[in-house]
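Written below as structure tokens is the structure these notes are about.
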Amino acid sequence: MQTSSAPRRAGPLLYLRGMAQERVALSAVIAVPESESPPRLRTAACEVPAETLLQRDGCRLLRYGFTLEASTQAWYAVGEDRYEVNAALDGDLRVAFVSCNGQERGDGERPLEERNVLWERLDRQHAERPFQLLLHGGDQIYADEMLDAHPRSRAWAEGKHRKPRRQDDGELGELREALRRSFFRRYMEILSQPQISKLMARVPSLAIWDDHDICDGWGSLPAAQLDAPVGRTFFEVAREHFLLFQLGTTPEKLPDFCLDPGGSSLGWHVALPDLHILAPDLRSERRPNRVMGEAGWRTLETALPRIECGRVFLLSSVPPWGRACPGWRRR
């Protein structure tokens, strides 16, 4: 599943934070070996300091926060490498959409040219006519193989969960650390692939997650399995790494565009000139009889009154019509 020689470099990965006063707010996440000093990131206006998000597996995960002019000619540089960014978010937008980035088993065994053929197509389209925004609609990784990280998680996946016991604490700690190593390596393996990293360095991303970012069917599994100690541990580690690698942040400090400060729901709302992008979290509180819980509905009801004019882009990781429709009922 995982290799001992997992990559220790990834990025820069560019994430949109918002827009104000004709400036586009961004974060760039870069992974480097722990032994190296943080690389120098600069824009046309200034040099940007690095903030350490995490140190793990011989890597240091860094974040740089900066703004760029809302222009088709914007850029930033990391060391000697310069990245052109179409940051003109104040007009008509050219938006790329990605999802389902992998498969449940054997994803790491496929040749990258085959695995990432659609990423290469997007890159060619970007070269012809640059995108301004990259939306990730869910299943950005397939974490299903993480269930093999520890015997307890494999037993849980097979429905062999049990009531908590006093001696479980130590074993759950071992499980948590095994999962953290596995999730971190999986994200590093995916996001360091050149066909993916090339586009993500140049086009700002916004992401929401779906079940495979946790494990297949998360939220639709039996409630007793979801709420078992192993299930909650698996969810917490998946959530931590979603925040690190898909939102470019930590569980302690969510981006301002996230609608629930407590983090029970990870839905978000980004306002651009004449466009509102709204992404409800349809996994964190999901159960077999519902798609969103109280926190999710509360955040959605908070966001909707803020939308007074302009277009609305709803980023949904599940179909809002058809068989999924009953799950959208609040009561």
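In region 38-58, the residues that are closer than 19 Å to Tyr83 by Cβ and open to solvent by less than 80 Å² (accessible area, probe 1.4 Å) reach residues that are assigned to a loop (DSSP other than H, G, I, E, B) and small (Gly, Ala, Ser) with C-beta atoms within less than 6 angstrom, at least six apart or across chains, in these pairs: Pro38/Ala50; Pro39/Gly79.
How many residues are assigned to a loop (DSSP other than H, G, I, E, B) and out of contact with any Ser or Thr (no Cβ under 7 Å at 6 or more places or on another chain) if we restrict to region 44-97? Lay out the reasoning, then the answer.
First, pick out the residues of region 44-97 that are assigned to a loop (DSSP other than H, G, I, E, B): 44-46, 49-50, 57-58, 70-73, 79-80, 86-94.
From what is left, the residues that are out of contact with any Ser or Thr (no Cβ under 7 Å at 6 or more places or on another chain) are 44-46, 49-50, 57-58, 70-73, 79-80, 89-94.
Within region 44-97, residues that are assigned to a loop (DSSP other than H, G, I, E, B) and out of contact with any Ser or Thr (no Cβ under 7 Å at 6 or more places or on another chain) number 19.
Out of Arg63, Arg40, Arg82, Arg23, which single residue is of a type in the set (D, E, K, R), in contact with a Leu (Cβ under 6 Å, 6 or more places away or on another chain) and modelled with pLDDT of 90 or more?
Arg63
Screening Pro288 on (1) of a type outside the set (Val, Ile, Thr); (2) within 19 Å of Asp139 (Cβ to Cβ); (3) at pLDDT below 90 shows it passes everything except condition (2). Within region 94-122, take every residue that is modelled with pLDDT of 85 or more and open to solvent by less than 30 Å² (accessible area, probe 1.4 Å) and give me the one that is farthest from Thr67 (Cα to Cα). By that ranking, first place goes to Arg115.
Every residue in region 101-110 that is in a loop (DSSP other than H, G, I, E, B) and without any contact (Cβ under 8 Å) to a residue 40 or more places away in the chain, please. Those that are in a loop (DSSP other than H, G, I, E, B) and without any contact (Cβ under 8 Å) to a residue 40 or more places away in the chain: Gln103, Gly106, Arg110. Would a scan of region 6-15 turn up a residue that is in contact with an Asp or Glu (Cβ under 7 Å, 6 or more places away or on another chain) and not aliphatic (A, V, I, L, M)? So far as region 6-15 goes, yes, one or more of its residues are in contact with an Asp or Glu (Cβ under 7 Å, 6 or more places away or on another chain) and not aliphatic (A, V, I, L, M). Of the helices (runs of 4 or more DSSP H) lying entirely inside region 173-284, those containing at least 3 residues that are in contact (Cβ under 8 Å) with a residue 60 or more places away in the chain and not hydrophobic (A, V, I, L, M, F, W, C) are 194-200, 229-246. Got at least one residue in region 82-93 being exposed (fewer than 14 other Cβ atoms within 10 Å of the Cβ), within 20 Å of Asp213 (Cβ to Cβ) and in contact with a strand residue (DSSP E or B) (Cβ under 9 Å, 6 or more places away or on another chain)? Checking region 82-93: not a single residue is exposed (fewer than 14 other Cβ atoms within 10 Å of the Cβ), within 20 Å of Asp213 (Cβ to Cβ) and in contact with a strand residue (DSSP E or B) (Cβ under 9 Å, 6 or more places away or on another chain).
Free of Cβ contacts under 8 Å to residues at least 24 places away in the same chain and among the basic types (Lys, Arg), is that true of Arg94? Judged against the criteria, Arg94 is not a match.
Quick one: count up the residues across region 229-245 that are open to solvent by 10 Å² or more (accessible area, probe 1.4 Å) and either touching a His at 6+ places or on another chain (Cβ under 7 Å) or of a type in the set (Gly, Ala, Ser) (or both).
As a first pass, look at region 229-245 and keep what is open to solvent by 10 Å² or more (accessible area, probe 1.4 Å): 229, 232, 235-236, 239-240.
Subset that is either touching a His at 6+ places or on another chain (Cβ under 7 Å) or of a type in the set (Gly, Ala, Ser) (or both): none.
Number of matching residues: 0.
Set side by side, the residues Val78, Val98 differ, and just one is of a type in the set (Val, Ile, Thr) and over 24 Å from Thr43 (Cα atoms), which is Val98.
The values are calculated or read from the model by the stated rules, or taken from the named source; none is laboratory data. Since the model is a prediction, treat every value here as computed from it, not as a measurement. Cβ atoms come from the backbone with ideal geometry, glycine included; neighbour counts cover every protein chain shown. Each accessible area value is taken on the protein alone, full model and side chains, heavy atoms only, with ligands, DNA and RNA left out. Shrake-Rupley method; radii C 1.70, N 1.55, O 1.52, S 1.80 Å.
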